[in-house]
Structure formats: C-alpha cells, structure tokens
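Working notes for the structure below.
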Amino acid sequence: MRQTGPWLRAAEGAMLLGPDGVPAPTVFAEMSALAAATGAINLGQGFPDEDGPAEVLEAAVQAIRAGANQYPPGRGTPDLRAAVAEHQARWYGLVVDPDREVLVTAGATEALAATLLALVEPGDEVVTFEPFYDAYGALIRLTGAEHVTVPLRAPDFLPAEADLRAAFSDRTRVVLVNTPHNPTGRVLPVEVLRTVVELAERHDAVIVTDEVYEHLAFAGSHVPPAALPGARDRTVSISSAGKTFNTTGWKIGWLTAPAALVEAITTVKQYLTFVNGAPFQPAVATGLRLPDAVFTGIATELGAKQEILATGLAEAGFGVLRPDAGYFVIADAAPLGHDDARALCLELPRLAGVVGVPVSAFVRPEHVAGYRSLIRFAFCKRRTVLEEAVSRLTGVAQSRGTTA
C-alpha cells in the first residue's frame with residue numbers, strides 16, 4: 001500500500017523523514033533506548049527523577065478518593081480555570097476572565113496543536129526561533145503552513161534584529177515564541193519581545209507563546225509577551241504544570257487568550273482529547289496557589305543542579321554555554337576534538353556511561369552549521385545522579401579524537 005498522508009508531513013516537519021522517505025524515531029526515543037540498553041545515565045530527555053511538592057501530589061490522591069474520576073468540564077474545572085487566572089494576575093498583572101479566556105488542555109503540546117490547527121491555514125507562514133522543539137515543526141506542517149525560522153546563534157543564542165524582521169511577511173499568521181527557550185535555556189530579553197510584538201501588529205499576526213519553563217528561571221526574569229503593550233489582544237499564552245511541579249506524566253496544560261481566540265481553539269481542542277486528567281486538575285490548582293517561596297525554591301534548586309553539571313562539563317573539557325532557565329545546559333564538544341555531536345552522543349554510553357542529545361536534532365539539516373558540535377544535557381535529575389554523570393564525563397577527554 002502506498003504510504004502517503006499528513007503523517008508524512010508531520011515527520012518531515014519534525015526532521016524525522018530520511019532521504020528514503022521513511023520516518024525515523026525521535027532523537028529522544030533513540031537516545032533513551034540507548035540509555036536503557038547500556039545502563040547509561042540518561043541526561044538526554046527532560047523529565048525529572050524526583051517528585052514535586054507533596055501538597056500537589058496529595059491533592060491528586062484526595063481528588064481520586066473524592067470521586068473526581070469522570071469527565072471534567074470541556075474547558076477545564078472551574079477551580080483550575082480560576083487558579084490559572086489568579087496565577088496570571090499574581091505573577092504578571094494580567095487580568096484574565098476564567099470563564100471566557102482560559103482553556104485547560106492535555107499539556108502544552110495539545111494547547112499548541114489546537115491553537116495552530118484552529119488559526120493557521122495552508123499558505124500561511126508560522127515564524128519560530130531555531131533551534132526549535134520538534135513538535136513545532138510537526139504541527140506547523142500538519143496545518144499545511146510554511147515554517148519560517150529565526151536563528152539563535154551560539155554563544156548567546158539571541159536573534160539578530162535584522163533576521164527577526166526579515167522573517168515576517170504579509171503571509172505571517174502566527175509567531176510562536178518559546179521563552180524560556182528549549183533547548184538553549186535562554187530567557188528572551190524584553191527588547192526582543194517588543195520587536196516581536198511590533199512585527200505582529202504590523203503584519204496582523206497572532207503571537208503564540210510556549211512558557212512551560214516560566215517558573216524555572218534562575219538567571220534573569222521571565223516576562224510573558226502578553227504583558228507587553230499592544231500584545232494582550234493578539235496573544236495566546238500557553239503553559240503547563242509538568243515542568244514546574246515535576247509532574248510531566250500528568251499532562252495538564254492551559255492557555256489564556258482573548259475570548260474569541262479561546263472559542264476558536266476550543267472548537268478544535270474538543271475533537272482532539274475532548275477532556276483529560278480529572279483528578280489532576282484540582283491538584284494543579286493547589287499547586288498554582290502555593291506560596292511564592294515554593295516557586296522561588298524550585299528555581300533555586302534547579303540553578304544549583306545546573307551549576308553541578310555545567311561546572312563538571314567545563315572541568316571535563318567541554319565548552320559550556322550556560323542557560324538562564326529550564327532543564328538543559330548546552331555543551332560544545334569541539335574543544336575535545338569532537339565536531340560531530342550526533343556521532344559523539346551515539347558513543348557516549350561506551351565512552352562515559354552518559355546519554356545526551358545533539359542540538360542538531362532541533363535544527364533543520366540545511367541550517368546545522370554552527371550547531372554541529374553542540375550537545376544538550378538535562379540537569380533536572382537528583383544531585384547524586386548529576387555528580388555521578390560528571391564523574392563519568394571526565395572520561396570523554398581521555399578519548400579525544402576517537403569520534404572526530
């Protein structure tokens with residue numbers, strides 16, 4: 001049977017379609033399987049190995065026991081929608097109507113999917129920064145739109161203003177802004193965000209944000225684009241509980257936007273997952289209402305873990321490009337004589353008993369120059385795991401040039 005259909009476009013957009021037209025596994029699945037097969041420490045995939053706040057976990061248990069096990073309301077439970085609105089006001093001064101301007105989703109990924117499928121048509125253009133999370137490319141291609149990227153170049157991973165302006169056109173329907181950024185960990189400066197808002201206004205584009213690392217900034221402060229002048233009425237702000245509360249398996253996300261945009265997105269979302277996570281929604285509401293000290297403590301602890309891994313990588317001879325936020329640190333293997341990070345990642349389990357992910361997996365093949373020797377390592381792990389990984393990575397320097 002001839003293989004054809006939108007799924008091939010999705011694979012192509014996620015950079016998984018080989019020259020033979022056969023889709024390959026994601027780099028996360030590939031490297032995680034390698035870690036499992038070799039017993040290596042998996043610093044490739046961004047999931048924590050410790051539970052989050054006890055109050056959040058206990059609230060989920062209590063919700064299950066109280067019978068919150070059937071379909072929740074389509075837009076999310078009223079209490080979670082109220083908690084999201086409270087969160088936006090508390091942290092950013094944004095006034096959001098919980099009944100008309102909040103939608104609960106199956107994680108941030110579904111929020112992105114429903115938003116793009118609701119607002120973007122074939123022939124439109126969607127602008128993102130590059131490197132980009134692979135789901136962006138897949139979802140954009142599913143809409144039939146063209147994916148236009150703005151490079152974030154090492155070592156600072158900030159966009160050149162000329163590149164940003166050149167990316168917009170009269171066909172630009174959406175600009176998708178990921179800050180704090182994955183995989184680079186950069187918190188985009190307010191000056192960059194103001195330029196995005198200016199260009200979105202000029203070209204009548206919708207700003208869609210991925211802010212899942214919003215509370216994980218340990219250097220610099222996160223500013224949501226919706227809080228900037230001129231942005232509120234054209235912005236869909238997306239976040240989730242998974243990264244903040246170490247509950248990546250719960251898949252509870254949300255978006256806030258003007259009522260007309262929420263209505264359009266809900267029309268699509270209801271035919272994707274319909275609803276999800278009934279007992280987890282009250283638990284996330286509990287989490288969003290925790291004291292400020294809990295949120296600052298989460299960021300501080302991640303910053304300390306980043307320090308362990310970044311310092312160890314530097315001592316092992318890697319070039320280290322330190323992040324502002326998130327789960328990941330970028331290491332440059334070129335100083336060790338390894339110019340092909342993908343090849344090195346395939347060898348790292350043997351060389352050091354550690355798994356990372358090449359940054360080239362987040363970059364289109366034609367744009368890989370400048371990223372080829374870079375590796376993303378996750379530090380959202382127990383301190384003891386990071387210390388052991390650092391100890392193992394010192395062996396990479398001793399293998400200098402074996403995979404260059």
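The values are calculated or read from the model by the stated rules, or taken from the named source; none is laboratory data. All of these numbers come straight from a predicted model, not from anything done at the bench. A quick note on method: Cβ atoms are made from the backbone with ideal geometry, for glycine too, and the neighbour counts reach across all protein chains shown. Just so you know, the surface numbers come from the protein's heavy atoms only, side chains and all, with ligands and any DNA or RNA stripped out. Shrake-Rupley method; radii C 1.70, N 1.55, O 1.52, S 1.80 Å.
Within the stretch 283-303, if we keep just the residues that are free of Cβ contacts under 8 Å to residues at least 40 places away in the same chain and in a helix (DSSP H, G or I), the residue that is farthest from L351 (Cα to Cα) turns out to be D292. Please work out if L103 is in contact with a strand residue (DSSP E or B) (Cβ under 8 Å, 6 or more places away or on another chain), assigned to a helix (DSSP H, G or I), open to solvent by less than 30 Å² (accessible area, probe 1.4 Å) and more than 30 Å from D332 (Cβ to Cβ). So L103 fails the test.
Among residues that are of a type in the set (D, E), modelled with pLDDT under 95, closer than 25 Å to V363 by Cβ and open to solvent by less than 40 Å² (accessible area, probe 1.4 Å), D124 is not included. What residue, among those in the stretch 188-218 that are within 26 Å of A106 (Cβ to Cβ) and not aliphatic (A, V, I, L, M), is farthest from the chain's Cα centre (by Cα)? The qualifying residue farthest from the chain's Cα centre (by Cα) is H215. When residues in the stretch 18-45 are screened for being part of a helix (DSSP H, G or I) and either crowded, with 19+ Cβ neighbours inside 10 Å or modelled with pLDDT of 85 or more (or both), 11 of them pass.
For the stretch 51-69, the criterion of being of a type in the set (D, E), in a loop (DSSP other than H, G, I, E, B) and either within 30 Å of V396 (Cα to Cα) or open to solvent by less than 20 Å² (accessible area, probe 1.4 Å) (or both) is met by none of the residues. Scanning the stretch 217-246 for residues that are under 29 Å from I64 (Cα atoms) and surrounded by fewer than 24 Cβ atoms within 10 Å (Cβ to Cβ) returns G242, N246.
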